[in-house]
Amino acid sequence: MLPVIRLLAKRLGTSLIVLIGVSMLIFAIARVIPGDPARIALGPNASAEQVTALRERLHLDQPIVAQYGYFIADLMRGDLGISLYTNRPVTKDIAEFLPATLELVIASGLMMVIIGLPLGILSARYRNSWIDNLIRLVTLLGVSAPAFVWAVILMLLFAYFVPLFPIAGRVSDTITVAPVTGFLFVDTLLAGNLRAFGNVAWHIVLPAFALALSGIGQAARLTRANMVETYERPYIEMAQSYGFPEKRIANRYAFRPSMIPSLTIIGLDFAALLGNAFLVEAVFAWPGLSRYGVAVILRKDLNAIIGTVLIISAMFLIVNVIVDLLIAFINPRIRYSQRAA
């Protein structure tokens with residue numbers, strides 16, 4: 001247990017340094033974007049005095065080093081400032097929009113695991129057969145097109161031509177969900193409203209599947225490649241010579257050693273979904289943080305831009321730490337290396 005704790009402390013320390021670097025980088029980039037945030041916020045009809053007063057209130061008249069100091073001081077108090085886009089605290093905006101994106105990303109991640117890994121196992125087990133060729137073709141199509149293209153295709157197929165799923169939103173207008181956590185799956189279960197829970201699940205299927213298709217393809221193809229390589233190892237041949245069932249060989253002896261690269265890629269894809277979800281959210285009118293981030297970037301809302309990027313970066317780092325811990329749990333050699341260190 002101690003090596004895992006040491007690994008966790010090391011990864012958290014590294015993640016904190018990376019997060020500080022990201023905050024400095026995005027702060028500098030946000031300040032050099034063309035356009036005056038105060039003028040954009042107040043509009044073309046605002047007087048010069050009003051613009052000057054807002055610039056002073058936002059510390060935009062100070063050197064960039066001083067501005068970053070004010071930002072860090074506010075951040076340590078949990079204050080990300082006021083959004084010029086919504087005229088509300090950025091923390092309140094993030095608390096409102098983040099649960100929708102997290103639900104979408106978690107659903108997509110589950111699809112990547114539940115669909116991608118079994119497809120890879122099946123393809124490797126029946127390698128060089130028509131099943132293998134079909135799976136490789138389907139997964140190649142999945143990774144060839146970006147998520148927003150699949151979002152449009154799925155919407156046309158299953159919401160317009162064959163109206164099986166809704167087009168937009170997280171829940172139907174006829175369904176009322178009392179907000180408790182912001183996560184509709186959790187809130188509907190807390191209320192004991194299974195009808196609303198089913199309606200929420202019905203709405204998330206298409207956007208989550210469109211977002212997950214690329215990850216499903218990558219997970220399946222990587223799992224297949226690693227398992228095919230594992231099948232050539234002597235202990236697999238020994239298991240086959242002893243007459244072990246092919247399903248047992250595939251699931252226990254070939255899949256587990258091949259799981260580490262697949263788990264790494266799934267973790268990276270899962271973390272990347274937070275930043276890649278904005279086009280899918282735009283297509284399905286999903287009220288999430290990624291869509292909010294695009295809106296504030298277009299309006300040069302500095303506080304909201306920095307807050308959104310920091311949250312997405314922090315989630316990316318958290319997912320990477322979790323993946324590292326899972327890999328250490330699966331692969332004893334990593335735990336032993338930590339103990340030796």
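The values are calculated or read from the model by the stated rules, or taken from the named source; none is laboratory data. Source: prediction; values computed, not measured. Here Cβ is always computed from backbone atoms with ideal geometry, including for glycine, and neighbour counts include all displayed protein chains.
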Query raised in the report: So V321 fits all but one of (1) more than 21 Å from M24 (Cα to Cα); (2) at pLDDT 80 or above; (3) surrounded by 16 or more Cβ atoms within 10 Å (Cβ to Cβ); (4) in the same structural domain as P146 (by TED's automatic domain parsing); what number is the exception?
Result: (4)
Requested in this report: Mind counting the residues in the stretch 279-295 that are in contact (Cβ under 8 Å) with a residue 24 or more places away in the chain, surrounded by fewer than 23 Cβ atoms within 10 Å (Cβ to Cβ) and assigned to a helix (DSSP H, G or I)?
Outcome: 5
Query raised in the report: Is at least one residue of the stretch 203-210 buried (at least 19 other Cβ atoms within 10 Å of the Cβ) and either closer than 30 Å to A328 by Cβ or hydroxyl-bearing (S, T, Y) (or both)?
Result: yes
Report task. State whether one or more residues within the stretch 233-241 are of a type in the set (V, I, T), under 23 Å from S108 (Cα atoms) and assigned by TED's automatic domain parsing to the domain that holds M112. Result -> no
Query raised in the report: With (1) among the aliphatic types (A, V, I, L, M); (2) at pLDDT below 90; (3) part of a helix (DSSP H, G or I); (4) crowded, with 17+ Cβ neighbours inside 10 Å as the list, and V177 as the residue in question, which single condition is left unmet?
Result: (3)
Query raised in the report: Where in the stretch 57-155 are there helices (runs of 4 or more DSSP H), lying fully within it, with 1 or more residues that are under 28 Å from D301 (Cα atoms) and assigned by TED's automatic domain parsing to the domain that holds Y231?
Result: 90-111, 147-155
Requested in this report: Would you confirm whether any residue within the stretch 244-256 is of a type in the set (D, E, K, R) and at pLDDT 80 or above?
Outcome: no
Query - Every residue from the stretch 232-276 that is surrounded by fewer than 17 Cβ atoms within 10 Å (Cβ to Cβ), acidic (D, E) and touching a helix residue (DSSP H, G or I) at 6+ places or on another chain (Cβ under 8 Å) - result: E246
**Report entry** Selected residue (criterion: nearest to I216 (Cα to Cα)) from residues of the stretch 154-175 that are in contact (Cβ under 8 Å) with a residue 12 or more places away in the chain and among the β-branched types (V, I, T)
**Finding:** I167
